[in-house]
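Beneath this line is the structure, given in structure tokens, with notes to follow.
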Amino acid sequence: MTLRAFPRPAALLASLALVGSCLVSATALAQTTTPTPTTTSTFPATAAPTAAAPAAARPAAARPAPTPADGQAATPDQLFTAWDTDKNKTLTLLEFKNGWESAREQNIMGRLETQFRAADKDKSGLIEAAEFANLPLIKRAGSGAPPMSAFDANKDQRLDFKEYLDLVPAMLKRLAPAKK
């Protein structure tokens, strides 16, 4: 499938801006592989400020998506530049899909970080037993909820963010309706 050449429509710019707003508070996730692009789009990229030389020298998969220092959303041009991994001023369908998936992952991670910070009432950076009992997923599971120790990998009686990331999918799977 090849994306046809056409000027950037307002809807595409609005979508990219929305994705950019998701990138502001999220941390970048490195992708483990960078597949070779097979299809090409002829979306011309306008000149956008480039990252410092050390960052530009890193592989695109290891480079975080642009996040302006002033807390503003990344511009469509910044996203385009970040997603154009081969820097040929065109986005292949694969580059677009990889960029979009990365943005979705960053959005999810940002939301999980926000939920974790909200659950951490004492702002210790850890979820203690009382905070664990008040997690919405644990409350929803009720008496069927597993004990905190089931997710406490280092057995310190608290959950750090990594352990919390293990808890969420396990609880969502447990709470999902049974398929018939």
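Just so you know, all these numbers are worked out from the coordinates, no wet-lab data involved. Being a predicted model, the structure only gives us computed values, none of them experimental. All Cβ positions, glycine included, derive from the backbone under ideal geometry; neighbour counts span all protein chains shown.
Below are the figures for this structure:
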item	result
Anchor residue 173: lysines whose Cα lies under 19 Å away (excluding residues fewer than 8 positions away in-chain)	139, 162
Residues of type lysines that residue 87 reaches as a straight line, Cα spacing below 21 Å, ignoring anything fewer than 8 places off in the same chain	97
Neighbour-count ranking [beta-carbon atoms within 10 angstrom, fewest first] of 124, 102	124, 102
Net charge, residue 83 excluded, C-beta distance under 10 Å - Lys, Arg +1, Asp, Glu -1	-1
Distant alpha-carbon pairs in the range 110-180 (separation over 20 angstrom), percent	23 percent
Which of 156, 86 has the fewest Cβ neighbours within 10 Å, and the rest in rising order	156, 86
